[in-house]
1. How charged is the neighbourhood of SER287? Take every other residue with its Cβ under 14 Å from the Cβ of SER287, and add Lys/Arg as +1 and Asp/Glu as -1.
2. Roughly what angle does helix 125-136 make with the longest principal axis of the chain, taking Cα atoms, 0 to 90 degrees, to the nearest 10?
3. Would you list SER18, SER143 from the most to the least accessible area, probe 1.4 Å?
4. Rounded to the nearest 10 Å², what accessible area does MET73 show when all protein chains are kept and the probe is 1.4 Å?
5. When the chain is treated as a GNM, springs tying every alpha-carbon pair under 10 Å, which of ARG230, ARG273, ARG259 comes out with the largest mean-square fluctuation?
6. Do the alpha carbons of any pairs in LYS44/LYS324; LYS38/LYS282; LYS225/LYS320 sit beyond 32 Å of each other, and which pairs?
7. Could you point to the label whose value was computed as Kirkwood radius over Cα pairs in Å for the structure here, given (1) 20.6; (2) 22.5; (3) 21.1?
8. Ranked from the most accessible area to the least, with a 1.4 Å probe and all protein chains present, what is the order of ARG323, ARG27?
Amino acid sequence: MNNMPAEKLFQVYMDLISQRESEEIYRLNEPVGEGIMKHSHIAKGIELVYSELESYSPNYQAEKKDIDGLEIMYIVDGHGEFELVNRQFVSGEKGDVMIFNCKTGVKKAMLGKSGMNCISIILFTEDTVSFLNDFLGITEFSSSDFFNDIRKSDSAVTFPCGELLEKLFLETIRLPAVYSKYTVKLAVVHAIILLIQKFRDKDISDVRIKDDSQDSYFSGSTGRKVQNVRRIINSNLEKEISIEKLAAKVNLNRTSLQRVFKEMYGLTVKEYRTKARIQLAKNLLASTELSITEIAGRCGYANASKFSEVFKKNEGVLPKDWRK
C-alpha cells in the first residue's frame, strides 16, 4: 500500500457538499462531469461510494495508477461503456458487477442517456487483507492471492450480479436506521468474501459473460423520485422552484420529499440548493470575467446584494474578495 490517503481520490476533482459521521457527499464539477458521489469509510483499506452520474470523465486516473487495489462496481441503474488506456472497451448494464484494477486506467466513460447510478467498493490490497484477517480472527488471506488475476489483468471483468450479492450491495444504500453503519460494514465485508470465493482458482476469462437478466430497483420508488428532484435542482439553479412544485413534479408529497431528501443527502432541499449555487458561483468567479451581478443572476439570486450576503455566510468572504 502506498502513502497516498484514500481521501485524495475524492477531493482532488470534486467539491464537498456535506459531511456527517463517517460520510461525505461530493458534487462533481467540470472537467470530471455532472452528478454526486456519497463516500463512506468502511475500514482501513476499504471505501464505499454511491454515485449518481449524469456524465463522467475519469480525470483522476493518474492518482489511481499509484495504488495497488480494485474498484468493484455494481450498476444499480443505467449503463456505461468504458474505454481503457490500452484501447480495450468494457461495458456494463443495470444489474452487472464490474471490477477494475487500478493499474489499468480508464481513458473515457460513456454513460447512457439517463446517466448511471452505481455502488463501488474500493479496496486497497494490503490494508484490506490485513483488515479481513483481523476482523475475522484468521491469517488465511494474503496480498499474493487477493484477486491476483484481476489485479494483473489488462482489462476489466464484467458479470451479472447474483441475488445474494445484489442484496448485499443494496443493503449499503438503505436509508439510515439504528445500527445502520454496522450493517453496512457487515454487508461490505460479506460481499468482498463472496467475490473472493467466486474468483479463487478461477480463470477470469470464465466470468467475462453477460446475460439478459434485468432487476428492477427504485422504479417508481420514493428514493428514485428524490434523486430526480436533485437533478431538477441542479439543472435549474437560476430558478427558485418551490418545494411544493418540486414534489408535484415527481408525484411525491412535500413531507416525504423533505424527510427522504435529508436522509439521503444529509441536507434539506433548501440547504442543498444553496450549496450547489455557491459551488456554481465559485466556478464562475474563478473561470469567467462575469460581473458579480451576472453571476448572482445565474445562481438564482435577484440581486448582487442578496447573493453576496449568502456567499459570505457560506464562504466567510464576499464574492469579489474570493475571486481575488
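1. Details: positive: LYS282, ARG298, ARG323; negative: ASP15, GLU30, GLU289, GLU294.
With Lys, Arg at +1 and Asp, Glu at -1, the neighbours total -1.
2. Its long axis makes an angle of about 80 degrees.
3. Numbers: SER18 15, SER143 45 Å².
The most accessible residue leads, giving SER143, SER18.
4. So the heavy atoms of MET73 present about 10 Å² to solvent.
5. ARG259
6. On the way: LYS44/LYS324 39 Å; LYS38/LYS282 21 Å; LYS225/LYS320 37 Å.
Table pairs above 32 Å Cα-Cα are LYS44/LYS324; LYS225/LYS320.
7. Computed from the coordinates, Kirkwood radius over Cα pairs in Å corresponds to (3).
8. Numbers: ARG323 85, ARG27 15 Å².
Ranked list, largest accessible area first: ARG323, ARG27.
The values are calculated or read from the model by the stated rules, or taken from the named source; none is laboratory data. Please read all numbers here as calculations on a predicted model, not as lab measurements. Please note: Cβ atoms are built from the backbone with ideal geometry, for glycine as well, and neighbour counts cover all protein chains shown. All accessible areas refer to the heavy atoms of the entire protein, side chains included, with ligands and DNA or RNA removed. Shrake-Rupley method; radii C 1.70, N 1.55, O 1.52, S 1.80 Å.
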